[in-house]
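Since the structure comes first, as structure tokens, the remarks are kept for the end.
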Ligand code: PMP
């Protein structure tokens, strides 16, 4: 029987949902109208374009990439699962970080692939040389981790990442950039220089389309040509393809929003960095990671105010998504007051 770590999305229905790193606001009215108008012209009785041409070309334009270097999926989840399925299997080893995005364990479990984890520091930092050494010792078959890391928000520099890519020239190195729009750097442009480097991206976070399910895999053109025939045909519905293409036509509108989320994140971190009973870490994503010995009481307090954050049941850590200005101010006030009660 396959041993699969199940992924259980939180079912709580609070007023302020700061648990899933979603964008706090939906499409604006004008864009919603344009999306609905474009959908009204679709032929629903036909299968979708199996090449997702319009969507991929729209993404290529925004990211200034060659469309031939991109594959599209039903969320970046599909692309991550696809890579694990394609490159790994029984008797193979996936190398990732602890902690990192839990779906890696799920997909590896489906393939009966062993998962080797490199344990990072409390704030998500880690020694790249030690990471490389452990990977070599363990003879791993594929490297995959998120950068910025989910949950810590810590991001390695491109220079550090390239050191890893160079150290493992014969195995795929996959950088999951679900949160890269909020970070200082990205490996997207490096993909054309390496045959073993892959980057995954999503429209679920910075572009606010978590409910639509669109993600991308970016890699060297030759490798993409090899992988393309192995993607499930019609993996993305006509509806999803069209919504993604329309939103990407207006990608520049998202820049001020992304910028303001980064500013809010840094402001919230500054306001919470000196608390006595809760530790927060610097982040390059749209969330803050923290730890507290008083976590249970803290979660209860937030819950009383209708705020749901991501709790990690196995230790003292938690993660808070950056929300609207009002939501961030509310959580800041609650945590500052909570912290004072103990001192
Ligand atoms: N990678 C990371 C690090 C994530 O946090 C998530 C979503 N929580 C994903 C990938 C999956 O995103 P998508 O919605 O594109 O499937």
Need one number: the % of Cα-Cα pairs in segment 42-250 sitting beyond the 30 Å mark. 18
Quote the Stokes-Einstein diffusion coefficient, in whole µm² s⁻¹, for segment 87-182, based on the Kirkwood radius over alpha carbon pairs, a temperature of 37 °C and a viscosity of 0.692 mPa s. 245
Using the C-alpha gyration tensor of segment 198-266, what are the square roots of 5 times its eigenvalues, in whole angstrom, with the largest one first? 27, 16, 10
To two decimal places, what compactness ratio does segment 146-250 give when its Cα radius of gyration is scaled by 2.2 N^0.38 Å? 1.14
Tell me, 213, 301, 139 in order of fewest to most beta-carbon neighbours within 10 Å? 139, 301, 213
Which of 69, 25, 262 comes first, and how do the rest follow, when ranked by fewest Cβ neighbours within 10 Å? 25, 262, 69
Fewest to most neighbouring Cβ within 10 Å: what's the order for 45, 230? 45, 230
Calculated log₁₀ intensity ratio I(q)/I(0) where the Debye formula runs over C-alpha points of segment 215-325, q = 0.09, 0.15 Å⁻¹: -0.44, -0.86
Cα principal axis extents for segment 242-283, largest first, Å: 49, 16, 10
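The numbers here are math on the coordinates, done by the rules we state, and not lab data. All of these numbers come straight from a predicted model, not from anything done at the bench. Cβ coordinates were reconstructed from backbone atoms using ideal geometry, including for glycine residues, and neighbour counts include every protein chain displayed.
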